[in-house]
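Report on the structure given below.
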């Protein structure tokens, strides 16, 4: 029987790590990335209970909460490459992942915030010079402190605008990958939001050339970017070292009000106005939710190089409070990473997404969500088939008591186990186009059901033969001694045989081969029985003829009884196949309805988001942007109408034909092999 194992991963290096520069260099070489992150030698106490409570059934390895961040995507001389060690860590995480990525200019304190989210002072490399420390995208997986059965994946990215690198396109890809992989995207910048800050965020205006929602090339820049809001992460803008008051027109503003005010558009159609509006428009259109946090300077500038080693009471109290509020928001509000349709992503799937996106970039293509989801679905659905088949095996082995009295008893248990197995497949599969994997599951379970039926027959056959051997031992000994070779011996023989038959009838749970085994037993006695009959001098020839005729009649009745049993079993098997088709149809229909509802909710969220933006644009007196947004709104409205009108009847009819053909092919194959 197949078994399901939970593999517990190892920490990335397997050793305790100090904070000397020599250890950093060794770790960098081991991880295959630029400068390594520093590490705290002691584990985090507040997570100990979480690690203990996350058992094998939870799907998160004990050592998954690695004591060191690991490079997820290497960036060597402008070439991006997934790091195998990081992918192995992710592959062990079967829980949904909440992915928080931070992006911003180099030397702006991104790593400090990520260490706070990890619950440690150190981990991601902070550094204390004007050189960029983090290279590529680094990953730290820790148990989520607020959401049970979720893993928090922190992504610290290479600083943008590093003059030593001098590669703007490489920065664009880092920016795009952070968006594609995260569920919460944190943009970290210094000071207030002014035009310089917006100019530094120019990467957001290039996303239409860096990310594709669909593989179809037609109207990609317009229609494709309109779908970004359906799968982009929430946007959190963190303003560091702010010394000015947040106000507009003399009125104090909250951080969120300040962000909203900073994203207002200018009226006008000049090139200057368009350049001013473009990054603001992209942020408003692309990201479903926006949030802002303002941090005061943490301490005097001379101590900034020692920030990671300073205690809270050595820092500005307002800064400490602001960091706590930021972490609290991230923990409580950041949602699990999800694909279109609300399909939550686990660690293993996040690794596949990262690999797929980087491969596309290195092959000169634009990372495409639709293609990545297809790749992910192939892997996930294949695993789903295996999970479902293993669950079927597990349940059948636990529930079936061999041999079963009847075939129907076995088929009833099979039906229950099959239904559960289909449900397992439904829970773990998505976007199974043309039901390729559904069909594979049906075939797999059908083959395993046949294996259980054959096993049931073999056990029944062996058990019945052994029991009959014991019961008939006295009869065979009497035959061997010649006890029935006397006048009246045939009558004595029939009485002895009847005792064997009665004893055999009292044997419990003989199984589906009980009658066939007894028939074979009687056939083995025919020659001896005829000899005893013919040698019995107490019987006349007429009596002997009548006895022989009676024996033939009984044999014919038993043969007919066995034929009826076989016909009944064939009918039961046929009904079981029909139940399989109907159960698959019913569960698929329920899943289709659920997916339809999720898709409808997703489109309605997009519509509401764009309607709110339209209202704001009217208030701001925007011109062309309003017209463009109206077009997008109409497109979404048409999609919603199409979803509501879409009927699943035609689809289900096609699926029924596929499933029926599967069983027809199996039956033909079975008959051919007979």
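Looking at residue 354, is it at pLDDT 90 or above and within 30 Å of residue 445 (Cα to Cα)?
Against the criterion (at pLDDT 90 or above and within 30 Å of residue 445 (Cα to Cα)), residue 354 does not qualify.
Of all residues in region 242-264 being at pLDDT 90 or above and in a loop (DSSP other than H, G, I, E, B), which is farthest from residue 324 (Cα to Cα)?
264
Here's the yes/no breakdown for (1) surrounded by 14 or more Cβ atoms within 10 Å (Cβ to Cβ); (2) more than 60 Å from the chain's Cα centre (by Cα); (3) under 30 Å from residue 576 (Cα atoms); (4) at pLDDT below 90:
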position: 451; (1), (2), (3), (4): no, no, yes, no
position: 488; (1), (2), (3), (4): no, yes, no, yes
position: 495; (1), (2), (3), (4): no, yes, no, no
position: 509; (1), (2), (3), (4): no, no, yes, no
position: 526; (1), (2), (3), (4): no, yes, no, yes
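Would it be correct to say that residue 99 is farther than 16 Å from residue 158 by Cβ, assigned to a strand (DSSP E or B) and either modelled with pLDDT of 90 or more or touching a helix residue (DSSP H, G or I) at 6+ places or on another chain (Cβ under 6 Å) (or both)?
Judged against the criteria, residue 99 is a match.
Yes or no: residue 392 under 27 Å from residue 169 (Cα atoms), at pLDDT 95 or above, out of contact with any strand residue (DSSP E or B) (no Cβ under 7 Å at 6 or more places or on another chain) and surrounded by 16 or more Cβ atoms within 10 Å (Cβ to Cβ)?
The answer is no for residue 392.
Being more than 28 Å from residue 605 (Cβ to Cβ) and either part of a helix (DSSP H, G or I) or in contact (Cβ under 8 Å) with a residue 60 or more places away in the chain (or both) narrows it down to one residue among 320, 236; which is it?
One residue alone meets the criteria, 320.
Tally up the residues in region 609-627 that are within 14 Å of residue 226 (Cα to Cα) and either surrounded by fewer than 12 Cβ atoms within 10 Å (Cβ to Cβ) or in contact (Cβ under 8 Å) with a residue 24 or more places away in the chain (or both), please.
Counting residues in region 609-627 that are within 14 Å of residue 226 (Cα to Cα) and either surrounded by fewer than 12 Cβ atoms within 10 Å (Cβ to Cβ) or in contact (Cβ under 8 Å) with a residue 24 or more places away in the chain (or both) gives 5.
Quick one: in region 150-174, of everything that is farther than 22 Å from residue 364 by Cα and in a strand (DSSP E or B), which residue is modelled with the lowest pLDDT?
Among those residues, the one meeting the criterion is 156.
Whether any residue in region 284-298 is at pLDDT below 90 and crowded, with 21+ Cβ neighbours inside 10 Å is what I want to check.
yes
Quick one: which of 147, 120 is outside any helix (DSSP H, G or I) and either modelled with pLDDT of 90 or more or in contact with a strand residue (DSSP E or B) (Cβ under 7 Å, 6 or more places away or on another chain) (or both)?
Being outside any helix (DSSP H, G or I) and either modelled with pLDDT of 90 or more or in contact with a strand residue (DSSP E or B) (Cβ under 7 Å, 6 or more places away or on another chain) (or both) holds for just one of 147, 120, which is 147.
Look through region 362-380, keep the residues that are surrounded by fewer than 20 Cβ atoms within 10 Å (Cβ to Cβ) and in contact (Cβ under 8 Å) with a residue 60 or more places away in the chain, and return whichever of them is farthest from residue 98 (Cα to Cα).
362
If residue 365 satisfies all but one of (1) part of a helix (DSSP H, G or I); (2) at pLDDT below 95, what's the number of the condition it fails?
(1)
Would you confirm whether or not region 266-276 contains a residue that is in contact (Cβ under 8 Å) with a residue 12 or more places away in the chain, closer than 21 Å to residue 109 by Cβ and surrounded by 16 or more Cβ atoms within 10 Å (Cβ to Cβ)?
Within region 266-276 (the criterion being in contact (Cβ under 8 Å) with a residue 12 or more places away in the chain, closer than 21 Å to residue 109 by Cβ and surrounded by 16 or more Cβ atoms within 10 Å (Cβ to Cβ)), the answer is no, since none of the residues qualifies.
Under 6 Å by Cβ, and 6 or more places apart or on different chains, what pairs join a residue from region 240-253 that is without any contact (Cβ under 8 Å) to a residue 40 or more places away in the chain with one that is part of a loop (DSSP other than H, G, I, E, B)?
Close Cβ pairs satisfying both conditions: 247/253; 253/246.
What's the total number of residues in region 87-127 that are without any contact (Cβ under 8 Å) to a residue 60 or more places away in the chain and over 19 Å from residue 241 (Cα atoms)?
0
Considering (1) within 26 Å of residue 82 (Cα to Cα); (2) in a helix (DSSP H, G or I); (3) modelled with pLDDT under 95; (4) under 27 Å from the mean Cα position of the chain (by Cα), say which one residue 215 fails and leave the rest.
Here residue 215 meets the rest and fails (2).
Determine whether region 584-597 contains at least one residue that is more than 30 Å from residue 414 (Cα to Cα), assigned to a helix (DSSP H, G or I) and within 53 Å of the chain's Cα centre (by Cα).
yes
Which one of these is under 20 Å from residue 276 (Cα atoms), part of a helix (DSSP H, G or I) and under 30 Å from the mean Cα position of the chain (by Cα): 224, 199, 209?
Exactly one of 224, 199, 209 is under 20 Å from residue 276 (Cα atoms), part of a helix (DSSP H, G or I) and under 30 Å from the mean Cα position of the chain (by Cα), namely 209.
Output the number of residues of region 432-448 satisfying the condition of being without any contact (Cβ under 8 Å) to a residue 60 or more places away in the chain and either closer than 21 Å to residue 569 by Cβ or touching a helix residue (DSSP H, G or I) at 6+ places or on another chain (Cβ under 6 Å) (or both).
Number of matching residues: 7.
Do we find a residue being assigned to a helix (DSSP H, G or I), within 25 Å of residue 264 (Cβ to Cβ), in contact (Cβ under 8 Å) with a residue 40 or more places away in the chain and out of contact with any helix residue (DSSP H, G or I) (no Cβ under 6 Å at 6 or more places or on another chain) anywhere in region 632-641?
no
If I ask for residues that are at pLDDT 80 or above and touching a helix residue (DSSP H, G or I) at 6+ places or on another chain (Cβ under 6 Å), which ones from region 577-586 would you list?
Answer for region 577-586, where residues must be at pLDDT 80 or above and touching a helix residue (DSSP H, G or I) at 6+ places or on another chain (Cβ under 6 Å): 579, 583.
Can you tell me which residue within region 281-302, out of those that are touching a helix residue (DSSP H, G or I) at 6+ places or on another chain (Cβ under 7 Å) and assigned to a helix (DSSP H, G or I), is nearest to residue 237 (Cα to Cα)?
Among those that are touching a helix residue (DSSP H, G or I) at 6+ places or on another chain (Cβ under 7 Å) and assigned to a helix (DSSP H, G or I), it is 283.
The values are calculated or read from the model by the stated rules, or taken from the named source; none is laboratory data. Since we're looking at a predicted model, the values are computed, not measured. Neighbour counts are summed over all protein chains in view; Cβ atoms, including those assigned to glycine, are modelled from backbone coordinates with ideal geometry.
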